[in-house]
Every structure is written in C-alpha cells, then in structure tokens.
Amino acid sequence: MNRTVFERRRARYLEKIGSDDVAILASAPSTPRNRDVHFPYRQDSDFYYLTGFPEPDSVAVFLPGRKKGQFVLFCREFDRDKAIWEGNHAGLKGARKQYGADEAHPIEEIDRIMPDLLADRRRLHCGLGRRPEFDRQLLEWVNKVKSRSRAGVQAPEEFVDMDRVLHEMRLIKESEELKALRRAAEISSQAHRRAMQVCRPGMYEYQIEAEIQHEFMRHGARSPAYPTIVAGGLNACVLHYTENKDPLREGDLLLIDAGAEYEYYAADITRTFPVNGKFTSAQKSLYELVLEAQLAAIEKVRPGNHWNEPHEAAVKVLTKGLVKLGLLEGRPSRLIKKEAYKDFYMHRTGHWLGMDVHDAGDYKIDDKWRELQPGMVLTVEPGLYIGKHCKQVSKRWRGIGIRIEDDVLVTETGCEVLTDAVPKRVDEIESLMSVGNDTL
Ligand code: GLY
Ligand code: MN
Ligand code: MN
C-alpha cells in the first residue's frame with residue numbers, strides 16, 4: 001500500500017485522540033518455532049495499519065500536537081551483517097525516509113527516551129492486556145515520569161484501551177483496503193474452485209490443502225489468513241479441524257474453510273461438496289437448508305439493519321427446516337427461544353473481516369447490537385453439524401457437517417458478496433465437479 005495511505009490514517013488517528021493524549025503500539029514479537037527456527041514473521045495488524053512498518057523489535061509512539069514530530073518510531077538500527085544474513089531492513093534513516101517517521105531511535109534507547117515523550121500527557125492509549133511483558137514496560141515508563149513530579153512533570157493518569165478509537169477506524173474499510181480484500185477474495189475463490197475440480201475419492205485431505213496452497217501462492221498470497229480446514233466426512237463436525245490427514249471417502253462430504261491473506265488482508269470462505277461430485281439425497285436436503293439460511297442471512301446485510309439480524313434470519317430458517325426434516329420436534333418459535341438448534345448449529349453466523357480474519361470492531365454499542373454501515377465487511381457462515389453421537393436423529397443424517405461461508409461488503413444500498421465466484425448451488429457444484437481438471 002502506498003505510503004500516503006498510512007500518513008492519512010495517522011493524521012486521522014492523531015486528530016481523534018487529541019493533543020492531551022499519547023498512544024503507544026508495539027510490533028508483533030517474532031515467535032520461535034523450534035530451536036533456532038522462527039515462524040514466518042507477520043506484523044501486528046494495529047501496528048501495521050498506522051505505520052506500514054513490517055519489522056519486529058519496533059515501537060511506535062503517536063504524540064498529537066508535538067512540535068518536534070508527532071510520529072516517533074523505535075526500531076532496529078541498520079546492521080550490515082544482518083543485511084547479509086537476513087536481508088534488508090529499514091534502519092533509522094529508512095524509518096524516516098521510507099516510512100515517514102518524524103523521529104527514529106534505536107530500540108535499545110527506548111527506556112531512556114520514552115519518559116520524556118510521556119511527560120505531561122494526560123491519557124495513554126495502548127493495547128492493554130495483549131502482552132503482559134509490554135504492559136509491565138509501560139508501567140515502568142509511567143512510574144519514571146511520576147518520579148519527576150517534584151520537578152512539576154505530570155505523568156499520564158489514565159490508560160485507555162486502543163480499541164476504542166483505532167478499531168472503530170479499522171471497522172470501516174477504505175478504498176485501498178477494499179482493493180486488497182477483493183483480491184484476497186478472488187484468489188481464495190480460485191483456490192476453492194480448484195479444490196472442487198481436483199477432488200476425487202481416495203485422495204488425502206492434505207493433498208487438497210496442497211492444491212489450495214498452490215493457488216494462493218501462485219497469485220502472491222504467501223500465507224493463508226488462518227489454518228486451512230480440509231475436513232472429510234465426520235471431520236467436518238470438528239469446527240476447528242486442521243489436522244487434514246485423513247483419506248477422502250466415496251459418499252462423504254468435504255468441508256473446506258480456507259482463505260488467503262493478500263497484502264495483510266484476509267478472505268474467509270467455506271464450501272462443502274461431495275467427494276465424488278454428487279450429493280446423496282440426505283446430504284442434499286441438509287445442504288439446501290444451510291444454503292437457504294445463508295441466502296436469508298445475506299439478504300439482511302444492509303445499512304441500518306443491526307449486527308444480529310443476519311444471525312436471527314439464519315437461525316429461523318435452520319430451525320424451521322430442521323423441524324420439516326424431522327431432526328427437531330416442536331413449534332419453531334419455541335425451539336428458537338429454547339435454542340434447540342444449538343445441538344446442530346453451535347456457532348454464530350459471522351464476524352468482521354479485514355486485516356485479521358476475526359477482525360477488529362465492537363459488535364454492540366451501549367449493550368445494543370450495532371447498526372451495519374457502508375464499508376463494513378463481514379462473513380456470513382451458517383452451518384449444520386450432525387455428529388455421530390447425535391443419537392436423537394435418524395441415522396441417515398449422522399456424520400454430516402456442512403458450512404457455507406461468504407465475505408460480504410455492506411454498500412450504500414445493500415451488500416455485495418465478494419466471494420460469489422465459488423459455486424454454492426447444488427447444480428453449480430455438481431456441474432463444476434464434473435468438468436475434467438486437465439487445465440489445472
Ligand atoms: N475460518 C475461521 C472462521 O470461519 O471464523
Ligand atoms: Mn469465518
Ligand atoms: Mn471460515
């Protein structure tokens with residue numbers, strides 16, 4: 001993303017927090033995987049949103065109204081040896097020139113410099129509770145300022161959760177963000193189509209995962225936005241199944257929940273389809289019920305509706321349908337009140353989507369579901385999971401897990417489904433699966 005995007009965001013953020021306050025954000029830690037190997041580094045989303053700075057060992061300080069500079073960045077100094085072994089890094093000069101910091105200091109100097117920056121600021125915005133060791137450091141800096149009170153220096157007297165201001169900004173997507181989200185959705189859609197086309201009984205779940213990963217990577221999405229779920233048969237009833245190690249069996253369904261991360265933005269798509277390309281009648285009945293629930297939920301995504309309306313619509317359709325198919329007994333309105341559907345549908349219908357797959361932003365304001373507004377992006381993902389232990393239902397339904405998930409942008413007039421390039425109607429799926437995969 002262009003540097004001006006981050007500058008514009010910082011200017012808005014500084015204005016929102018106001019000149020009495022200060023905000024401090026730490027970069028994500030680099031996490032060891034085993035011995036001296038680390039997981040691929042991914043910057044913290046809040047940190048990246050305001051700085052565009054991709055390196056670990058950095059701390060950003062935002063000081064509205066400060067004459068000497070409002071954006072101070074602590075980071076690693078340039079080190080020639082490190083550049084040879086590990087690659088280029090910005091250094092102090094790069095932090096200023098490439099990333100627009102007004103001041104840049106070596107991270108090692110932070111304890112010495114920070115108390116001066118905090119002096120006479122009333123409130124400190126930070127991600128309190130996210131990383132205990134960083135919280136401790138914050139307290140130490142504040143205590144250092146306090147110890148100078150006899151010299152007339154005031155220390156911050158209030159800690160404010162960053163989420164208040166920053167996460168509200170992140171909730172409404174800018175045009176550059178929508179561009180990245182659309183691309184993530186496009187790449188992920190192609191990956192799901194590929195999975196449908198290559199899937200055959202006898203393949204292993206990890207082989208399908210490899211096809212998905214291949215499609216992500218060849219389009220420049222180097223990582224999934226979350227661990228890919230490739231769950232055949234009963235495995236689909238484990239909501240966070242990621243082992244992806246079993247063979248795919250003739251007659252089973254396959255649930256795939258996979259989304260690429262593209263330039264820090266996530267897609268999150270689930271499709272469920274028959275391993276052999278043809279739904280059985282029991283699978284089709286449940287599948288079409290989930291699809292009806294999903295379409296009813298998407299219908300409720302429009303400005304002015306509240307956050308929970310899509311969920312309520314999905315629950316209504318699912319409960320009525322479960323009664324009709326004989327999996328539940330009783331009056332739908334009573335069953336909804338008793339939450340009887342939770343035996344088969346135990347999660348909610350969606351979440352915000354953005355830089356994080358479960359993105360930042362409150363769902364309630366003053367204890368009321370918030371209204372949907374243009375620029376918000378959410379998932380719509382109802383499902384049904386009939387585990388093998390569901391002895392209360394006929395055997396024909398057991399071992400079936402289904403979820404259908406799309407990414408949806410709230411527009412001025414309604415909504416736009418960003419992931420509709422992946423088929424989800426029964427006839428569309430069966431038709432795509434019947435086409436040979438020679439071109440892949
Ligand atoms: N893939 C994570 C989710 O659907 O929420
Ligand atoms: Mn999701
Ligand atoms: Mn998902």
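Since every read-out is calculated from the coordinates, none of them should be taken as a lab result. Nothing here was measured: the structure is a model prediction, and the numbers come from that model. FYI the Cβ positions are ideal-geometry reconstructions off the backbone, even for glycines, and counts take in every protein chain you see.
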Cα-based equivalent ellipsoid of the stretch 107-176: semi-axis lengths in Å, sorted from largest, via gyration tensor: 27, 14, 12
Between the stretch 105-168 and the stretch 284-301, the alpha-carbon center distance in angstrom: 49 Å
Charge-dipole axis of the stretch 302-440 as Lys and Arg at +1 and Asp and Glu at -1 on Cβ define it, positive-most pick from Pro423, Gly383, Val410: Gly383
Chain lengthening between Leu432 and Arg222 when straightened (0.36 nm per residue, less Cα-Cα): 73.0 nm
Relative contact order %, the stretch 250-360, counting alpha carbon pairs below 8 Å whose residues are six or more apart: 23 percent
Under the Debye formula (equal points on every Cα, no solvent term), log10 I(q)/I(0) of the stretch 210-270 at q = 0.25, 0.27, 0.28, 0.29 Å⁻¹: -1.00, -1.09, -1.14, -1.18
Cα-centre dipole for the stretch 73-128 with unit charges at Cβ (Lys and Arg positive, Asp and Glu negative), debye to 20: 260 debye
Size of the stretch 164-219 as Cα extents on the principal axes (Å, biggest first): 51, 21, 15
Of every Cα-Cα pair in the stretch 246-394, the percent that sits beyond 29 Å: 24 percent
Shape metrics for the chain, restricted to C-alpha atoms - Rg then Dmax, Å: 24.9, 80
Three semi-axes of the equivalent ellipsoid, the stretch 394-435, Cα gyration tensor, whole Å, largest first: 28, 17, 7
Where N is the number of residues in the stretch 177-287, Cα Rg divided by 2.2 N^0.38 Å: 1.04
Base-10 log of normalised Debye intensity for the stretch 89-247 (one unit scatterer per alpha-carbon) at q = 0.10, 0.16, 0.18, 0.21 Å⁻¹: -0.68, -1.02, -1.13, -1.29
Spatial separation of Cα centroids for the stretch 339-388 and the stretch 391-440, in angstrom: 18 Å
Charge dipole magnitude, Cβ of K and R +1, D and E -1 - the chain, Cα centre, debye nearest 20: 720 debye
Neighbour cut-off at most 15 other Cβ (10 Å), DSSP loop, GluC sites (Glu not before Pro), the stretch 337-431: Glu339, Glu412
Within the chain, helix-based [θ] at 222 nm, where runs of 4 or more DSSP H residues each add -39,500 (n - 2.57), nearest 500: -11000 deg cm²/dmol
Top positive-direction residue, dipole computed over the stretch 312-366 with Cβ charges, set Pro332, His358, Phe344: Pro332
Length gained when the stretch Asp420-Glu339 is fully extended (0.36 nm per residue, less Cα-Cα span): 26.1 nm
The stretch 351-396 - Kirkwood radius from inverse mean 1/r over Cα pairs (Å): 13.8 Å
Candidates Thr379, Thr31, Thr280, ranked by Gaussian network fluctuation over the chain, Cα under 10 Å, top entry: Thr31
Relative contact order for the chain, counting Cα pairs under 8 Å that sit 6 or more residues apart, in percent: 13 percent
5 angstrom amide H check on Ile386, placed H, neighbours 5+ away: Gly399, Ile400, Gly401, Ile402
The chain: most fluctuating residue of Asp36, Asp343, Asp252 per GNM, C-alpha cutoff 10 Å: Asp36
Point-charge dipole on Cβ atoms (K/R +1, D/E -1) for the stretch 289-440, about Cα centre, debye to 20: 1300 debye
Compactness of the stretch 15-123, expressed as Rg and Dmax over alpha-carbon positions, Å: 14.8, 46
Scattering curve values for the stretch 143-187, log₁₀ I(q)/I(0), Debye with Cα scatterers, q = 0.20, 0.21, 0.22, 0.29 Å⁻¹: -0.74, -0.78, -0.81, -0.95
Cα-based convex hull, the stretch 303-371, per residue volume (Å³, whole number): 109 Å³
Most fluctuating residue given options Arg96, Arg222, Arg130, as computed from a GNM of the chain linking Cα atoms under 10 Å: Arg130
The stretch 355-440: Cα Rg divided by the 2.2 N^0.38 Å rule of thumb: 1.53
